[in-house]
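Take a look at the structure set out below.
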Amino acid sequence: MRLAVLLSGRGSNFEAIHNAIERGELHAEIVCVITNRPDAPGYQCARKWGYDSYVIDHRQFATREAHEAEVLRVLDQARPDYIALAGYMRLLTRSFVERYRNRILNIHPSLLPSFPGVDAQAQAIAHGVKISGCTVHLVDENLDAGPILVQRAVEVRDDDTAESLAARILVEEHKAYVEALRKLS
Ligand code: GRF
């Protein structure tokens, strides 16, 4: 399975995927890593680990379409079977989704369809739910929608803050992403 990773930040989900491959728990090859943020820690890891890594900074492009065209050019060259969005903080256009239909995965820190969008963990706390978790799903044209591949539940404690809940969900995210990719491979 040829895998492309798109990220914008910390990159801990990317690291979990990398580690699973290294340990032989996931039969995949990361064929490129793309970030829209030159300062993304995940991008530094990608370089350190020797992956083909690209900064495609959206601020250097006049339109969303122009930025995506460059991302697609790099992706098309890398010929991935699947694209893993791992904390990639950009909305994809319809034509991007169509080009890689059913081959783009995303991870979200809630049990979708509850709490899509930003600050999902804070939304869960504010709503007072007792169970939250994470979801790996295929990407369609809508935000945090598309067929669900894997979910893992996390108990919300009475004294949880958004931060403490996010930390426990993140542990499950790392397992969920690898599990979803293993299913597909
Ligand atoms: C994760 O919480 C993920 O669910 C969300 O963005 C965060 C990315 O974290 N989409 P990381 O960069 O993988 O550490």
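The values are calculated or read from the model by the stated rules, or taken from the named source; none is laboratory data. For clarity, every value in this text was computed on a predicted model and none was experimentally measured. Here the Cβ positions follow ideal geometry from the backbone for every residue, glycine too, while neighbour counts run over all protein chains shown.
Take the conditions assigned by TED's automatic domain parsing to the domain that holds Ile34 and within 16 Å of the ligand (Cβ to nearest atom) and apply them to Arg90. Does it pass? Give the steps one after another, and end with the answer.
Working: assigned by TED's automatic domain parsing to the domain that holds Ile34: yes; within 16 Å of the ligand (Cβ to nearest atom): yes.
Criteria met by Arg90.
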Which listed residue is on the phi < 0 side of the Ramachandran plot, polar (S, T, N, Q) and part of a loop (DSSP other than H, G, I, E, B), from Ser114, Ser164: Ser114
Out of Ile125, Ile83, I need the residue that is within 21 Å of Gly11 (Cβ to Cβ) and of a type in the set (Val, Ile, Thr). Which one? Ile83
Please verify whether Ser185 is within 16 Å of the ligand (Cβ to nearest atom), among the polar types (S, T, N, Q), on the phi < 0 side of the Ramachandran plot and out of contact with any Ser or Thr (no Cβ under 8 Å at 6 or more places or on another chain), treating the condition exactly as stated. no
Any residue that is within 16 Å of the ligand (Cβ to nearest atom), among the basic types (Lys, Arg), closer than 29 Å to Ala124 by Cβ and at pLDDT 95 or above - is there at least one of those in the stretch 44-56? no
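Scan Leu91, Leu85 and give me the residue that is under 30 Å from Ile131 (Cβ atoms), exposed (fewer than 15 other Cβ atoms within 10 Å of the Cβ) and touching a residue at least 12 places away in the same chain (Cβ under 8 Å).
Of Leu91, Leu85, the one residue that is under 30 Å from Ile131 (Cβ atoms), exposed (fewer than 15 other Cβ atoms within 10 Å of the Cβ) and touching a residue at least 12 places away in the same chain (Cβ under 8 Å) is Leu91.
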Hits in the stretch 47-67 (condition: in a helix (DSSP H, G or I) and without any contact (Cβ under 8 Å) to a residue 12 or more places away in the chain): Arg47, Lys48, Arg59, Gln60, Ala66
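Got at least one residue in the stretch 118-130 being within 11 Å of the ligand (Cβ to nearest atom) and surrounded by fewer than 18 Cβ atoms within 10 Å (Cβ to Cβ)? Steps first, please.
Within the stretch 118-130, the first condition is being within 11 Å of the ligand (Cβ to nearest atom), and the residues that meet it are 118-121.
Checking which are surrounded by fewer than 18 Cβ atoms within 10 Å (Cβ to Cβ) leaves us with 118-119.
For the stretch 118-130, residues within 11 Å of the ligand (Cβ to nearest atom) and surrounded by fewer than 18 Cβ atoms within 10 Å (Cβ to Cβ): present.
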Considering only the stretch 95-109, state which residues are in contact with an Asp or Glu (Cβ under 8 Å, 6 or more places away or on another chain) and not in a helix (DSSP H, G or I). Arg103, Asn106, Ile107, His108, Pro109
Residue hits (the stretch 28-43; surrounded by 17 or more Cβ atoms within 10 Å (Cβ to Cβ) and either within 13 Å of the ligand (Cβ to nearest atom) or outside the structural domain of Ala86 (by TED's automatic domain parsing) (or both)) are Val33, Thr35, Asn36, Arg37, Ala40, Gly42, Tyr43
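Pick from Gly133, Gly146: which is in a strand (DSSP E or B) and either under 15 Å from the mean Cα position of the chain (by Cα) or within 11 Å of the ligand (Cβ to nearest atom) (or both)?
Answer to the selection: Gly133.
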Taking the criterion of being surrounded by 19 or more Cβ atoms within 10 Å (Cβ to Cβ), over 16 Å from the mean Cα position of the chain (by Cα) and either aromatic (Phe, Trp, Tyr) or in a loop (DSSP other than H, G, I, E, B) (or both), would at least one residue in the stretch 15-27 satisfy it? yes
Given the options Ala62, Ala78, Ala16, Ala66, name the one that is of a type in the set (A, V, I, L, M), more than 22 Å from Asp140 (Cα to Cα) and more than 16 Å from the ligand (Cβ to nearest atom). Ala62
Please determine whether any residue of the stretch 132-152 is modelled with pLDDT of 95 or more and more than 23 Å from Lys183 (Cβ to Cβ). no
